[in-house]
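The values are calculated or read from the model by the stated rules, or taken from the named source; none is laboratory data. Just so it is clear, the structure is predicted and the values come from calculations on it, not from any experiment. Counting neighbours? That spans all protein chains shown, and the Cβs are built from the backbone with ideal geometry, glycine included.
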Amino acid sequence: MAVETGTRQEERVEGRVWTMRLAPYGRPSAGAVLLSCSRPACPDQRFPEGTAAGRKAAVAHVNTHLAHIRAGGGPRGEAWCACRAADCAWHTPDPDAGRRSGPRPPAQAARCGGPVVLTVYADRAGRLWRIAETCARCAAATPGCRVLDTAAPSPVRTASARTDQIRTASARTEQTAVEAAAQQQPAGGTAADGVAAVFSDRSPSPAADPSAPAAGPVQVPQARAAVVGAAARPAKRWGKIAQRTVPHDLQPDVLRTELIELGDAFRAYQKRPEPDLALLAELHDRKARAFTLWADISGDHSLRHEAQRAEQAAQTTREMHENRCGSPADGGPAVERLLTRTQAAHARTALGYTAAHTPFPQAEVRLVVLMLALRAARNGTGNVTGQDLTGWLQGDAEPVLEQLVDAGWLHLPGTVAEALASRPEDATAFTVPALLPGQPRPFAFGKTTRSKISGWAQKVLGDRKLRKKKLGPTTRLLALYTAAHTRPDGHLGPAEDDGLDLNQAAAFCALPPDQVAEHAGLLITADWLSEADTTANRLHGRLAERVWPLGGLL
């Protein structure tokens, strides 16, 4: 027996695995990626142009390996299952495991079976690709796994399977054999001595007919989701949502079913090619109600906290949907806005901070202070190029920078001339001492919001029609101020026909109030405002429809 076992192990070989991974390379801001392959003969490949080029190369690399495998005869029938060698960690747990009693059986006994197949797997994030020789049952249990080829049955494996099945059949009692035959006969097995072993591919066991020849090519089973229909499956009693396992005995049944369906719905939403914020807000609302009831039943305070988070997520998602895709009051077209309502409020905070903390009253200085403060809002440091500075102020950039450096508001590592000569690949790092972490924090927004607001201000100042008209810093500050104080229909001010306070608008732009009308007229000629009026000490007006996406909603 020992000799037989040793011979069998020597004749079997380990299943082959090829793994390709895509990982960031170098500085995260550079966007470069590194493609590596588990085969030592394959060198690493670097792609400075980004993830898309890396994924394209990864797919081509996978196809190259597949071509070599097919040229070498395809998958090997005598190979061990590579998934089994990894403790069957490549496929998800059995969804019925939650209602089993006692310890879970070993992965090998519960999963492995059927012929050897060649599979390819790609994760949903587009970062990992795997080619492997596995058994048909593990291939069917692995989500996203595709079977490309089936190995011809190995004579050693067929004989071993036949010997194992006969030994198992002879060890059973007559009653057990009859019951097994009665249960497995409808699945397609053929009884032999009262026993019919049925594999995952629904092919008869070699032990079923000792006189039958070696098994021919078999049909590989499809993934579990494609074989078992929803109508034939009983109601699920096990599931996960928000990294929590739904207890199989949770009562009432309607709550357990809702939680399981919600978990499936969130996972299905993540696979959508395009976002649907209205649907996502509805899912968060359902989650909040379900978790509140779950917390009431179980007394778990963490569930109630999760319900509150879901309520906030639903409200935020709904606001994003209204702000980005909502229609104006006059029934106009839908507008996808650059800033959400919350981000627009933070942008107005940044405008107010600039007006109160600019060391010099000139409009040129205020404009540069605003743009640099937005870049350094998080930790007091940022990067700027000469192209940025000259784009903001044309020929006035050098004296403005010298004023800020002399006043101590801005620190540069070199001279002002070097900062103006810096290029995007070698940007100048600057420091705003008033915004360093040790100082009081004037801004409460995070990294993403800071980037959004900075990009919004850059788009306003770099508007093509404002540049074409060669409007000065004062007029462009007024463009920023009007864009930050709009309603969904493009009108200025928080209430119907209320407009903006003329004195506050003039103070931000470093203008006398009686000169605001002149600069508002310049914005009309640049198609930034469609109308403007400064009567009754108010600035009434409306953004041109072309710049509605830049409007910061009040």
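Remarks
- Hey, Pro247 more than 30 Å from Glu336 (Cβ to Cβ) and not acidic (Asp, Glu) or not: yes
- The one condition from (1) of a type outside the set (S, T, N, Q); (2) at negative phi; (3) touching a helix residue (DSSP H, G or I) at 6+ places or on another chain (Cβ under 9 Å) that Ala356 does not meet is (3).
- Pairs, first surrounded by 17 or more Cβ atoms within 10 Å (Cβ to Cβ) in region 506-529, second part of a strand (DSSP E or B) and among the small types (Gly, Ala, Ser), C-beta under 8 Å, six or more apart: Ala520/Ala532; Ala520/Gly541; Leu523/Ala532; Leu529/Gly541
Every residue, every condition in (1) modelled with pLDDT of 90 or more; (2) surrounded by 13 or more Cβ atoms within 10 Å (Cβ to Cβ); (3) under 34 Å from the mean Cα position of the chain (by Cα); (4) not in a loop (DSSP other than H, G, I, E, B), yes or no:
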residue: Phe430; (1), (2), (3), (4): yes, yes, yes, yes
residue: Gln439; (1), (2), (3), (4): no, no, no, no
residue: Phe445; (1), (2), (3), (4): no, yes, yes, no
residue: Arg450; (1), (2), (3), (4): yes, yes, yes, yes
residue: Trp456; (1), (2), (3), (4): yes, yes, yes, yes
residue: Lys459; (1), (2), (3), (4): yes, yes, yes, yes
residue: Thr475; (1), (2), (3), (4): yes, yes, no, yes
residue: Leu480; (1), (2), (3), (4): yes, yes, yes, yes
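- For region 487-527, a residue qualifies if it is within 20 Å of Leu466 (Cα to Cα) and either part of a loop (DSSP other than H, G, I, E, B) or within 42 Å of the chain's Cα centre (by Cα) (or both), and the qualifying residues are Gly490, His491, Leu492, Ala505, Phe508, Cys509, Ala510, Leu511, Leu523, Ile524, Ala526, Asp527.
- Looking only at region 280-310, residues that are over 15 Å from Thr257 (Cβ atoms) and over 20 Å from the mean Cα position of the chain (by Cα) come to 16 in all.
- Any hit, region 337-347, residues being in contact with a helix residue (DSSP H, G or I) (Cβ under 9 Å, 6 or more places away or on another chain), under 26 Å from His321 (Cα atoms), surrounded by 20 or more Cβ atoms within 10 Å (Cβ to Cβ) and charged (D, E, K, R): yes
Matching residues to (1) at pLDDT 85 or above; (2) in contact with an Asp or Glu (Cβ under 7 Å, 6 or more places away or on another chain); (3) among the β-branched types (Val, Ile, Thr):
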| site | (1), (2), (3) |
| --- | --- |
| Ala53 | yes, no, no |
| Ala58 | yes, no, no |
| Gly74 | yes, yes, no |
| Ala85 | no, yes, no |
| His91 | no, no, no |
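- Count of region 528-554 residues which are of a type outside the set (Lys, Arg) and within 18 Å of Trp456 (Cα to Cα): 13
- Checking the stated criteria, Phe508 turns out to be farther than 21 Å from Ser530 by Cβ, at pLDDT 90 or above and among the aromatic types (Phe, Trp, Tyr).
- Meets criteria (polar (S, T, N, Q), closer than 18 Å to Leu522 by Cα, buried (at least 21 other Cβ atoms within 10 Å of the Cβ) and in the same structural domain as Leu351 (by TED's automatic domain parsing)) for Thr486: no
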